[in-house]
Amino acid sequence: VGTRGETPEFFEACYDFLHALDITQLHVFPYSERPGTLAATMPSSVAPSVRRERAARLTERADSVAAAFIAAHAAKEMTVLAEKCGSKYISGHTENFITVRIPSFPGAKPGDLLKVKLDGKSAVFSGTVCAYAEAKEK
């Protein structure tokens, strides 16, 4: 945020737009000048303090939107792609990229599709396995 030419109106439109997105993560960083680049010669520079303030506001908004997204999926049954299968936990992601970590069970391996009822208590869901399909060997 805070690129040259970014008006207060443009920033506010971006800020408001975030509320409409179903996101779990957003990477926000303030624009920084790079001497010798074409962008450094553009008019309408945004003050560094304004860049930092805008970045902080976007980060807070993104955290709020992510929390609402997570809460909306609590208690839902979703398919999870098992990515890491350890002795204690299996971790993976749903079709919409929610990170899930569940207790491991015998026979589980990366690539398995697990039907999991999510608990929604944190940004990384835990849950209960309802069913699973083993990954097919190639």
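The values are calculated or read from the model by the stated rules, or taken from the named source; none is laboratory data. Remember, it's a predicted structure, so these values are computed and weren't measured experimentally. So basically every Cβ, Gly included, is an ideal-geometry build from the backbone, and we count neighbours across all protein chains shown. Areas reflect the complete protein model, heavy atoms only, side chains present, ligands, DNA and RNA absent. Shrake-Rupley method; radii C 1.70, N 1.55, O 1.52, S 1.80 Å.
Which pairs turn up if I take residues in the range 67-90 that are free of Cβ contacts under 8 Å to residues at least 24 places away in the same chain and within 23 Å of Pro110 (Cα to Cα) and look for partners that are assigned to a strand (DSSP E or B) and among the basic types (Lys, Arg) with beta carbon separation below 8 Å, at least 6 apart in sequence or on another chain?
Tyr89/Arg101
Residue under question is Leu114, and the condition is that it be open to solvent by 40 Å² or more (accessible area, probe 1.4 Å), in contact with a strand residue (DSSP E or B) (Cβ under 6 Å, 6 or more places away or on another chain) and assigned to a strand (DSSP E or B); does it hold?
Judged against the criteria, Leu114 is not a match.
Here's the yes/no breakdown for (1) in contact with a helix residue (DSSP H, G or I) (Cβ under 8 Å, 6 or more places away or on another chain); (2) part of a loop (DSSP other than H, G, I, E, B); (3) surrounded by 11 or more Cβ atoms within 10 Å (Cβ to Cβ); (4) not aromatic (Phe, Trp, Tyr):
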| site | (1), (2), (3), (4) |
| --- | --- |
| Pro30 | yes, yes, yes, yes |
| Arg34 | yes, yes, no, yes |
| Ala40 | no, no, yes, yes |
| Ser49 | no, no, no, yes |
| Leu58 | yes, no, yes, yes |
| Ala67 | no, no, yes, yes |
| Ala74 | no, yes, yes, yes |
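In the range 54-81, what residues are within 14 Å of the chain's Cα centre (by Cα) and β-branched (Val, Ile, Thr)?
If the condition is that a residue be within 14 Å of the chain's Cα centre (by Cα) and β-branched (Val, Ile, Thr), then Thr59, Val65, Ile70 are the ones that fit.
Just a yes or no: is a residue in the range 5-14 more than 21 Å from the chain's Cα centre (by Cα), exposed (fewer than 12 other Cβ atoms within 10 Å of the Cβ), hydroxyl-bearing (Ser, Thr, Tyr) and in a loop (DSSP other than H, G, I, E, B)?
yes
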